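K.L.:
The structure under discussion is supplied below as structure tokens; questions concerning it will follow.
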Amino acid sequence: MSSQYNLTSNEKNVLIALENLNDASPSELAEKSEMKMETAMQAAFLLEEKGLAQVEETITEIFELTDEGKKYAEEGLPERQIINSISEPIAMDELKKKFNPAVAGIATGWLRRKGWAGIEKGMIVPTGDAQIGADEQVLAIFAGEEKTFDELGADKNIVNDLIKRKLVVKSENKQRKLIITPDGEEIVAAGIVIEEEFAQITSDLLKSGEWKNKKFRPYNIHTAPKPIYGAKIHPYQRLIDQMRRIFLDMGFTEIKGEAIQSSFWNFDSLFQPQDHPAREMQDTFHLSSTSELPDEYKNQVCAMHEHGGETESIGWGSKWSEEIACKDVLRTHTTALTIKYLADNPEPPIKAFSIDRAYRRETIDPTHTPEFEQLEGVVMDKDMSFSNLLGCLSEFYHRMGFEDVRFRPGYFPYTEPSVEPEVYVDGLGWVELGGAGVFRKEVTHPLGIKYPVLAWGLGVSRLAMLKLGLKDLRQLYHSDIDWLRKSEVCQL
């Protein structure tokens with residue numbers, strides 16, 4: 001009868017052990033069958049699929065005090081400590097002096113919630129009714145030991161409140177019991193013959209011909225194999241690496257720089273007026289530190305802002321402040337790196353790019369985050385034209401896999417003419433992916449740059465959302481192991 005079920009040697013050993021034990025725990029089964037626990041349990045699950053054994057699982061919830069919970073079990077909850085120490089109204093400031101500010105802060109809300117005290121004009125006013133609560137009774141039951149829910153004998157909401165306050169943690173104790181079924185007993189009663197089984201044919205078995213007389217372990221070819229996930233680079237990082245490789249292959253040099261930049265390099269050198277809205281707190285992370293201004297450029301930049309310097313420009317017509325230019329910010333764009341690189345390398349030809357992080361005070365939503373990656377690039381050489389810029393960007397987007405690319409006129413404070421590159425995406429239509437243009441003379445002249453500079457700043461995260469089919473930018477930064485495992489490394 002056992003042949004009818006096509007049992008392996010391990011399954012036969014487990015059946016015999018279960019028949020002798022009647023029911024068993026995993027450790028008892030492993031000891032009786034003289035097998036490793038993992039091997040015995042694997043055989044038991046296979047027997048369960050065939051209806052010859054039964055695996056019963058019992059899950060018990062275990063509750064335990066955290067370190068903070070143990071402390072409050074001995075000293076009393078923060079609200080208890082405070083209500084026991086006051087008999088008349090007390091000012092909030094006075095309370096924070098008398099108690100640890102953290103304890104006072106926690107206690108205030110619970111005093112009101114429990115009705116032990118009210119808050120009137122900055123004063124804590126006790127109500128005179130502070131009986132021992134159910135949560136305090138539960139803390140006392142623990143007595144420093146683990147407890148099951150039945151042992152606590154408490155309302156589930158009370159226990160959940162203690163868990164939310166991080167005073168109690170819950171864990172699960174999973175126990176298994178294995179039982180032989182009547183069909184399994186019938187097979188054992190009919191007699192089981194255990195033979196040596198081979199898992200694979202070796203060259204020796206083939207040469208000697210002994211494989212003809214050997215018993216091989218049966219395999220179910222219909223059983224789905226366990227998925228294997230190879231190690232891979234994060235999808236977002238793969239796209240960043242792809243963009244980097246495209247520009248390196250096009251002959252560009254990659255540049256890096258500090259996240260903290262002076263307002264001079266982040267704004268002023270780019271001919272952005274000092275009263276521009278982008279400098280306000282809602283757009284920029286301003287720091288308390290300052291940086292020294294470059295002596296070789298500050299006077300020329302000042303003149304350009306105030307009256308246009310030695311060019312035909314009239315500038316912004318307002319007083320330029322060194323104090324404002326000295327203030328440090330978290331860079332709002334990586335253009336601060338490329339303009340500084342151009343100032344340090346004013347002789348053509350220059351082809352440089354950077355892929356790095358920028359920072360702005362944005363409200364987090366599906367399309368905005370306070371930190372984001374930007375792909376910045378510049379080309380400076382004799383006789384560079386606007387058409388060279390469009391050709392360079394078209395080549396980049398084609399290499400990224402977008403067949404249709406177009407450019408719409410745009411406006412940016414430091415380029416003229418300016419465009420916004422767009423790519424066509426099925427189902428979405430034309431999608432804008434950044435800004436580009438030719439640096440104005442108000443930007444290049446004060447820094448000693450005498451030749452045309454083609455410049456662009458492209459949104460890396462938006463491009464990644466299109467390539468990865470995401471609708472929420474935040475998914476790029478989530479540690480979702482399932483998404484990472486199933487993400488495609490390449491498409492054929």
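The values are calculated or read from the model by the stated rules, or taken from the named source; none is laboratory data. All values reported here derive from a predicted model rather than from experimental measurement. Heads up, the Cβs are rebuilt from the backbone with ideal geometry, glycines too, and the neighbour counts pull from every protein chain shown. When the accessible area is computed, the model is the full protein with side chains, heavy atoms only, and any ligands, DNA or RNA have been set aside. Shrake-Rupley method; radii C 1.70, N 1.55, O 1.52, S 1.80 Å.
K.L.:
Mind listing whichever residues of region 386-406 are in a helix (DSSP H, G or I), open to solvent by less than 70 Å² (accessible area, probe 1.4 Å) and of a type in the set (Gly, Ala, Ser)?
P.N.:
Within region 386-406, 391, 394 qualify.
K.L.:
Can I ask one more? Please enumerate the residues belonging to region 131-144 that are out of contact with any Asp or Glu (no Cβ under 8 Å at 6 or more places or on another chain) and modelled with pLDDT of 80 or more.
P.N.:
Within region 131-144, 131, 132, 133, 136, 137, 138, 139, 140 qualify.
K.L.:
Something else about it: Quick one: which helices (runs of 4 or more DSSP H) sit completely within region 33-89 and have at least 1 residues that are among the aromatic types (Phe, Trp, Tyr)?
P.N.:
Values: elements: 37-49, 67-75, 78-83.
Per the criteria, 37-49, 67-75.
K.L.:
Another question, then. Working only within region 47-75, note down all residues that are under 35 Å from the mean Cα position of the chain (by Cα) and among the acidic types (Asp, Glu).
P.N.:
Hits for region 47-75 are 57, 61, 64, 67, 68.
K.L.:
Restricting attention to region 446-455, does a residue exist that is in contact with an Asp or Glu (Cβ under 7 Å, 6 or more places away or on another chain) and modelled with pLDDT of 90 or more?
P.N.:
Scanning region 446-455 turns up at least one residue that is in contact with an Asp or Glu (Cβ under 7 Å, 6 or more places away or on another chain) and modelled with pLDDT of 90 or more.
K.L.:
I would also like to ask the following. Filtering region 340-367 down to residues that are touching a strand residue (DSSP E or B) at 6+ places or on another chain (Cβ under 8 Å) and in a helix (DSSP H, G or I), which residue is least open to solvent (accessible area, probe 1.4 Å)?
P.N.:
Across region 340-367, the extreme among qualifying residues is 342.
K.L.:
Anything in region 204-255 that is within 15 Å of residue 355 (Cα to Cα) and hydroxyl-bearing (Ser, Thr, Tyr)? List them, or say none.
P.N.:
236, 253
K.L.:
Looking at region 211-235, I want the residues that are under 30 Å from residue 474 (Cα atoms) and have a partner that is outside any loop (DSSP other than H, G, I, E, B) with Cβ atoms under 7 Å, at least 6 apart or on another chain. Which pairs are those?
P.N.:
Within 7 Å, the pairs are 229/485; 234/484; 235/468.
K.L.:
Which residue pairs have Cβ atoms under 6 Å apart, sit 6 or more places apart or on different chains, and have a first residue in region 15-35 that is farther than 16 Å from residue 192 by Cβ and a second that is open to solvent by 30 Å² or more (accessible area, probe 1.4 Å)?
P.N.:
23/177; 23/179; 26/37; 26/176; 30/37
K.L.:
Another question about this same structure. Need a quick list: helices (runs of 4 or more DSSP H) entirely within region 93-191 having at least 1 residues that are open to solvent by less than 90 Å² (accessible area, probe 1.4 Å) and not hydrophobic (A, V, I, L, M, F, W, C).
P.N.:
By residue number, 101-113, 134-142, 156-164, 182-190.
K.L.:
Right, here's the next one. Does at least one position in region 108-131 carry a residue that is under 22 Å from residue 64 (Cβ atoms) and among the acidic types (Asp, Glu)?
P.N.:
No.
K.L.:
Contact list please: Cβ distance under 7 Å, first residue in region 148-169 and more than 25 Å from residue 58 (Cβ to Cβ), second residue assigned to a loop (DSSP other than H, G, I, E, B) and among the hydroxyl-bearing types (Ser, Thr, Tyr), pairs at least six apart or on different chains.
P.N.:
Short answer, once both residue conditions are applied: 166/66; 167/66.
K.L.:
Another question, then. Select, from 69, 51, the only residue that is open to solvent by less than 60 Å² (accessible area, probe 1.4 Å), on the phi > 0 side of the Ramachandran plot, touching a residue at least 24 places away in the same chain (Cβ under 8 Å) and of a type outside the set (Asp, Glu).
P.N.:
51
K.L.:
Can you tell me which residue is surrounded by the most Cβ atoms within 10 Å (Cβ to Cβ) among those in region 407-431 that are of a type in the set (A, V, I, L, M, F, W, C) and under 25 Å from residue 272 (Cβ atoms)? I'd like the intermediate steps shown before the answer.
P.N.:
First, pick out the residues of region 407-431 that are of a type in the set (A, V, I, L, M, F, W, C): 407, 412, 419, 423, 425, 428, 430-431.
When the remaining residues are screened for being under 25 Å from residue 272 (Cβ atoms), the result is 407, 412, 419.
Values: 407: 16, 412: 20, 419: 23.
Of everything passing the filter in region 407-431, 419 is surrounded by the most Cβ atoms within 10 Å (Cβ to Cβ).
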